[in-house]
Amino acid sequence: MAVVTDKKTTSVYNFDIQYELLKKYKSANGWFWSAFKRYPLMYLFGTIVFGVSTYLATKTTALIGEALDYLLIEGFSTNFNKTIGLMIIYVAISWACLSSGAYVWSIASFRVQRDMRQEFYDVIQDHSMAFFDVNDSGVILSMGMNEINQIRMAMHPGFRMLMTSIFSIVITTVFLWQYDLIIGVAVAVSFVVYLIIAWIYASKVGPIRRKLAKDLADLSATSQEMFRGIDVVRSFDNHDKEINKFGHISNEYALDMKKEGYLSAFYWPALITIVFTAASFGYGIWLVIEGSFSIGVFISVLALLMALSRQNFMIPMRLIMLQAGLQNSKRLWDSMAFKDPLTQPEKPVESEWNKKISFNNISFAYPSTDKKVLDNISFQIPAGSRVALIGGPGSGKSTILKLLLRLYDPTEGDILINGVSMSSMHTSHVRSNVTMVEQDIFLFSDTLKANISFAKPDATDEEIGKAAERAQISQFIESLPNQYDTVIGERGVTLSGGQRQRVAIARALLSNPKLLLLDDSTSAVDIKTELRLRKAMDELMKDRTSIVVTQRLTTLVAADMIILMKKGRIVDIGSHTELLERCQDYQFMCQYLPITNESVASNDVGGRN
Ligand SMILES: Nc1ncnc2c1ncn2[C@@H]1O[C@H](COP(=O)(O)OP(=O)(O)OP(=O)(O)O)[C@@H](O)[C@H]1O
Ligand SMILES: [Mg+2]
């Protein structure tokens, strides 16, 4: 019967990642600025040494005029030498501070990038299939790589340089203030106005930046798709079309880059600083003529003003970098904050999976559409039965299996496992009891050993060998030079369809599930492969409840119960003989099933394939 568990605190039930993250950082901005909370000491050290470095650099600039005045009045005097000596010391310390600060700041920022990327992957891979139905894998990939990188660049070098610019401007203003109140006040006021305009201007670049991030994601999604499906592209001789498609997206990206480049290049707020520097220059000359400024002070003021306008020129680029980081963190945050229709129960309940399974008035529509693909279906599966699902394409067979793996929850109705509703169970509990051999088999670009032991990484070589043997694939594997350590190509392309299916069966055998779901929609295989597959499937179905989507007559004949589907509804349920007797649809279907020669079934199926 149902066992109530409260495993929220244990590591087995890792389902609070999204909740915890959203609660901790609250918003995209909160997540972005959390960098400072993550490594506070490193960022604090950076901030302090940047302050010291900027102060000393400004002080050195101011000393130029002082040294000049000594030189003009006293010649190469002790005062002159002292000032020059001081300038050298200040420059050395300033350089040391700047370099060490930049180093520590960059380490902290790369750590933040690593942490954020991990959080992004943790949350995204925890989303249910509803998320992946509406989000392209190439786009997600680009988010996790390019966009996270831009977030880091906003912090380092973007924010770091912005901060040093602001330090420099504030310190320079104070210095100028000391020379002349009017220049000081004017600098302060014009800088505030400049900063406001610069921020508004940078915000204009924001939407273009967002579009650029999307373009880049589309570009990476298209290229990923093109290379993954390279065999299809080649076989249909479609590469011109694919190249055009890629070229079109690439062009769009280039055009948006141009727009962004234009906005950044003709950055009119910078005019303010040019006008202001010119005005201060004129005012300074007037002060020299009037006698309030010495030549040295005038030179110092001029040097400080030049430094100031250089900093001002750099601010926009840094603000744009910051904007890009904020925009990208918003995109990533929105994906992380995806409202999943499949939720984990507060108090998860467990059940016994080797008992009765009931579908009670189940209706289902995929979250991305409104179309009902299962319409009010009900059936009961007694413990340990072999069930065969049959029906036309798109009739909802694979969907039934997906519901049993709790990849989605039914829109209406309840699936009961030994009387316990599946929606009250944690997905980890479901998946530790149910294994699916999917219709479109996916194998990792890894060794055969790693692929077979995927669900049980601690399996011994002996267990792996045994599973492969039962799955009728051991002879083939042992004939390879590297045997179980053979690395298979991306998506297992170096294996034939039948071999891939048997590797997947070995993987399922090793996970030893209570409920087995087998989506075996392939029918057209040669007799030898068919026999091997059947033997492997028989091994897999032994001693457990199994639900198999099949078009194999032998599997249908051997099934305890056949469920015949049509357009999301159940047409009839019964054994092969019963259905053959009473169900016209079944009779019709059986006429077109591939029939294997039963006499071959008893033959030896050894030899490698
Ligand atoms: N992820 C999805 N998002 C939206 N609709 C989907 C999704 N997967 C399947 N469908 C739709 O649901 C319906 C049932 O699909 P399902 O895969 O269950 O059919 P099936 O009986 O397994 O067909 P086949 O024999 O071709 O494998 C189809 O109309 C299909 O287009
Ligand atoms: Mg299917």
Inset, instruction - Sort out which residues of the range 368-378 are within 8 Å of ligand 1 (Cβ to nearest atom) and either surrounded by fewer than 16 Cβ atoms within 10 Å (Cβ to Cβ) or modelled with pLDDT under 90 (or both), and write them in order of number. - result: Ser368, Thr369, Lys371
Inset, instruction - Look at the range 380-420 and say how many of its residues are among the hydrophobic types (A, V, I, L, M, F, W, C), within 15 Å of ligand 2 (Cβ to nearest atom) and in a loop (DSSP other than H, G, I, E, B). - result: 2
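With the condition being of a type in the set (Val, Ile, Thr), I'd like the helices (runs of 4 or more DSSP H) fully within the range 92-200 carrying at least 2 qualifying residues.
On the way: elements: 129-134, 137-142, 148-153, 160-179.
So the answer is 137-142, 148-153, 160-179.
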Legend entry - Where Ser428 falls short, out of the listed (1) of a type in the set (Gly, Ala, Ser); (2) under 29 Å from Ile400 (Cβ atoms); (3) out of contact with any Phe, Trp or Tyr (no Cβ under 8 Å at 6 or more places or on another chain): (3)
Legend entry - Members of the range 421-441 that are under 19 Å from Met541 (Cα atoms) and part of a helix (DSSP H, G or I): Val430, Arg431, Ser432, Asn433
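Quick one: is Ile377 within 29 Å of Gln587 (Cβ to Cβ), away from ligand 2 (no atom under 15 Å from the Cβ), outside any loop (DSSP other than H, G, I, E, B) and among the β-branched types (Val, Ile, Thr)?
Working: within 29 Å of Gln587 (Cβ to Cβ): yes; away from ligand 2 (no atom under 15 Å from the Cβ): yes; outside any loop (DSSP other than H, G, I, E, B): yes; among the β-branched types (Val, Ile, Thr): yes.
Yes.
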Legend entry - Filter result (away from ligand 2 (no atom under 16 Å from the Cβ) and not in a loop (DSSP other than H, G, I, E, B)) within the range 357-371: Ile357, Ser358, Phe359, Asn360, Asn361, Ile362, Ser363, Ala365
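From Ser479, Ser423, Ser385, Ser453, which residue is touching a residue at least 40 places away in the same chain (Cβ under 8 Å) and either within 13 Å of ligand 1 (Cβ to nearest atom) or more than 24 Å from Lys514 (Cα to Cα) (or both)?
Working: Ser423 fails: either within 13 Å of ligand 1 (Cβ to nearest atom) or more than 24 Å from Lys514 (Cα to Cα) (or both); Ser385 fails: either within 13 Å of ligand 1 (Cβ to nearest atom) or more than 24 Å from Lys514 (Cα to Cα) (or both); Ser453 fails: either within 13 Å of ligand 1 (Cβ to nearest atom) or more than 24 Å from Lys514 (Cα to Cα) (or both).
Result: Ser479 is the single residue among Ser479, Ser423, Ser385, Ser453 that is touching a residue at least 40 places away in the same chain (Cβ under 8 Å) and either within 13 Å of ligand 1 (Cβ to nearest atom) or more than 24 Å from Lys514 (Cα to Cα) (or both).
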Inset, instruction - Please name all residue pairs, on different chains or six or more residues apart, with Cβ atoms under 9 Å, provided the first residue is in the range 396-407 and is in the same structural domain as Arg569 (by TED's automatic domain parsing) and within 15 Å of Thr427 (Cβ to Cβ) and the second residue is hydroxyl-bearing (Ser, Thr, Tyr) and near ligand 1 (Cβ under 10 Å from one of its atoms). - result: Lys402/Tyr408
Inset, instruction - Might you check whether a residue that is crowded, with 16+ Cβ neighbours inside 10 Å and free of Cβ contacts under 8 Å to residues at least 40 places away in the same chain occurs anywhere in the range 71-78? - result: yes
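So that you can scan it fast, the table gives a plain yes or no per residue for (1) hydroxyl-bearing (Ser, Thr, Tyr); (2) surrounded by fewer than 21 Cβ atoms within 10 Å (Cβ to Cβ); (3) without any contact (Cβ under 8 Å) to a residue 12 or more places away in the chain:
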site: Leu98; (1), (2), (3): no, yes, no
site: Arg114; (1), (2), (3): no, yes, yes
site: Asp122; (1), (2), (3): no, yes, no
site: His127; (1), (2), (3): no, yes, no
site: Phe159; (1), (2), (3): no, no, no
site: Phe167; (1), (2), (3): no, yes, no
site: Thr172; (1), (2), (3): yes, no, no
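Quick check on the range 296-318. Is at least one of its residues part of a helix (DSSP H, G or I), within 39 Å of the chain's Cα centre (by Cα) and either among the hydroxyl-bearing types (Ser, Thr, Tyr) or within 16 Å of ligand 2 (Cβ to nearest atom) (or both)?
Step one: of the range 296-318, the residues part of a helix (DSSP H, G or I) are 296-318.
Filter again for within 39 Å of the chain's Cα centre (by Cα), leaving 310-318.
From what is left, the residues that are either among the hydroxyl-bearing types (Ser, Thr, Tyr) or within 16 Å of ligand 2 (Cβ to nearest atom) (or both) are none.
No.
The values are calculated or read from the model by the stated rules, or taken from the named source; none is laboratory data. This one's a predicted model, so the numbers in the text were calculated from it and none came from an experiment. Positions of Cβ are backbone-derived with ideal geometry, glycine not excepted, and every protein chain shown enters the neighbour counts.
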